[in-house]
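Down below is the structure, laid out as structure tokens.
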């Protein structure tokens, strides 16, 4: 029986994009006969060791203050250092056929490198610009020979800027059978963490401008996050703005299916899971042209929607453009539905295994 190790800063019950990626991808390795261990940092009341989705999860370091949203360094550097050395000690005592390192936190893969007898990869979920991040990215690129990225556009960036050669695109998959596309749809959906870099307020302001221009339908904002209270206080009185907060997976699937458009004006993304889910739901995406917004590459690669310039005015114009052009809207809807099976987890799993052992 082959053994896989996943090294990541956070894991379930934290439910960010990478946490969901490893929860589902790791579970698929288990279904295909692998033994899967996860090494992570404890940040809540979760036990030091438990089995989740068939995987053995070990929280090697525990801290109540790992996330520091108001600090210059958003993560506790002391906890990262302790975690990196704990991972190295674990690898010296255990053998794995394959090791997948999340790029977050930055240190374990740099410190541990490629354990003897194992195939190891760095999993790039995004690219950040700036001198500090360039230096960090160079360290990541040199830490081992094999790499994976969540999108083709990110793969191209890593190849061109850091000369990474052995890299494959392994997108964050979905279970396509879970999604559906009804005949009748209405309104616009923003779904994601309500944080500054995802720009939920830009989606709200765009809807206000679209309404001023004659658009009659509503905007639904779904997801938890630090801006939830502020957005409700500022816009909750508007009857055409529905701010739901966190919703269940079942509600999420329903929202993606029943809305006509999905808007994600984020300034920083890798491969947003919601775009893949929107594709499988027949719901085109509107995103914005920021340098570190990987959504742009995903939308263009799969013809799953349109890219507009940043700002509420451009997003509003994009909404009006698609709702007033049924043929164009239907083109992106059908393209997403047709190509979403490429993102099914089983295909993603097979592609990753091939890359690991090629």
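What strands (runs of 3 or more DSSP E) lie completely within region 17-102 and have 1 or more residues being over 29 Å from residue 133 (Cα atoms) and at pLDDT 95 or above?
35-42, 49-52, 55-62
Could you please find all residues in region 108-134 being at pLDDT 95 or above and surrounded by fewer than 21 Cβ atoms within 10 Å (Cβ to Cβ)?
Of everything in region 108-134, just one residue is at pLDDT 95 or above and surrounded by fewer than 21 Cβ atoms within 10 Å (Cβ to Cβ), namely 119.
Can you name the condition, by its number, that residue 354 falls short on among (1) buried (at least 18 other Cβ atoms within 10 Å of the Cβ); (2) more than 17 Å from the chain's Cα centre (by Cα)?
(1)
Out of curiosity, is residue 262 over 16 Å from the mean Cα position of the chain (by Cα) and at pLDDT 95 or above?
no
In region 161-171, is there at least one residue being within 30 Å of residue 229 (Cα to Cα) and at pLDDT below 95?
No, every residue in region 161-171 fails to be within 30 Å of residue 229 (Cα to Cα) and at pLDDT below 95.
Would you check if there is a residue in region 128-146 being assigned to a helix (DSSP H, G or I), without any contact (Cβ under 8 Å) to a residue 60 or more places away in the chain, within 23 Å of residue 44 (Cα to Cα) and in the same structural domain as residue 15 (by TED's automatic domain parsing)?
no
From the list 93, 84, 71, pick out the single residue that is in contact with a helix residue (DSSP H, G or I) (Cβ under 6 Å, 6 or more places away or on another chain) and either exposed (fewer than 14 other Cβ atoms within 10 Å of the Cβ) or in contact (Cβ under 8 Å) with a residue 24 or more places away in the chain (or both).
Selected residue: 84, the only one of 93, 84, 71 that is in contact with a helix residue (DSSP H, G or I) (Cβ under 6 Å, 6 or more places away or on another chain) and either exposed (fewer than 14 other Cβ atoms within 10 Å of the Cβ) or in contact (Cβ under 8 Å) with a residue 24 or more places away in the chain (or both).
The values are calculated or read from the model by the stated rules, or taken from the named source; none is laboratory data. The model shown is predicted, which means the values in this text are computed figures rather than measured ones. Backbone-built Cβ (ideal geometry, glycine too); neighbour counts: all protein chains shown.
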